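The values are calculated or read from the model by the stated rules, or taken from the named source; none is laboratory data. Since we're looking at a predicted model, the values are computed, not measured. For neighbour counting, all protein chains shown are included, and Cβ atoms are generated from backbone atoms with ideal geometry for every residue, glycine included.
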């Protein structure tokens, strides 16, 4: 698959067959995260947590369900959480930290598409995670790291196919 095919066929997968991804697939997906462009080369402001512990994932999902009546992992056996240092004294540049985390997740999603691995960006569950001190503590994140976004991963029976993407799907203006 070439890059444009991966981009034009990538979609959010919300059905998983319970099968784990292989160590080699995980290695490639993490390599894609590490290949991401990072604003101001602030690589030390990012942290990746690969979570496959079913007990932890169930507790996190139980908490989400309690708060929203929704189980956000759809049976995916892996969640990769991206955290960042969020400087409270420099709120003007905090968007760089969140953007860096999102770029890592997008690179992982494109790699997953290439590999035929199901993936879906996760945002709401991460917001809820930040409200639960007990769940956060279990992650043993480096000092000052705040979870920003995540991706769920797993084997799926769904297939990625090229989609017809309307060129005007998102409002666009040109300033010439």
Fill in the blank from the handout: Subset of the stretch 119-176, residues more than 18 Å from the chain's Cα centre (by Cα) and under 21 Å from residue 87 (Cα atoms), comes to 131, 132, 133, 137, 140, 142, 143, 144
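Could you run through the stretch 132-167 and say how many residues are in contact (Cβ under 8 Å) with a residue 60 or more places away in the chain and either part of a loop (DSSP other than H, G, I, E, B) or more than 30 Å from residue 4 (Cα to Cα) (or both)?
Qualifying residue count for the region: 17.
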Handout entry: Top-ranked residue of the stretch 115-130 - restricted to ones that are assigned to a loop (DSSP other than H, G, I, E, B) and in contact (Cβ under 8 Å) with a residue 40 or more places away in the chain, ranked as surrounded by the most Cβ atoms within 10 Å (Cβ to Cβ)
Key = 117
Problem - Filter result (crowded, with 19+ Cβ neighbours inside 10 Å and in a loop (DSSP other than H, G, I, E, B)) within the stretch 75-91 - result: 76, 77
Problem - Checking residue 119 against (1) more than 14 Å from residue 149 (Cβ to Cβ); (2) touching a strand residue (DSSP E or B) at 6+ places or on another chain (Cβ under 6 Å), the condition it does not meet - result: (1)
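Say we look at the stretch 53-74 and pick out the residues that are out of contact with any helix residue (DSSP H, G or I) (no Cβ under 8 Å at 6 or more places or on another chain) and crowded, with 16+ Cβ neighbours inside 10 Å; which of these is farthest from residue 116 (Cα to Cα)?
Filtering first and then ranking leaves 57.
Got a sec? Which of 21, 29 is in contact (Cβ under 8 Å) with a residue 12 or more places away in the chain, farther than 19 Å from residue 145 by Cα, buried (at least 18 other Cβ atoms within 10 Å of the Cβ) and in contact with a strand residue (DSSP E or B) (Cβ under 6 Å, 6 or more places away or on another chain)?
Going through 21, 29 in turn, the sole match is 21.
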Problem - Members of the stretch 20-44 found to be in a loop (DSSP other than H, G, I, E, B) and either at pLDDT below 95 or within 16 Å of the chain's Cα centre (by Cα) (or both), listed by number - result: 21, 35, 36, 37, 38, 42
Fill in the blank from the handout: Filtering the stretch 45-63 for residues that are assigned to a helix (DSSP H, G or I) and either over 29 Å from residue 94 (Cβ atoms) or within 15 Å of the chain's Cα centre (by Cα) (or both) leaves a count of 5
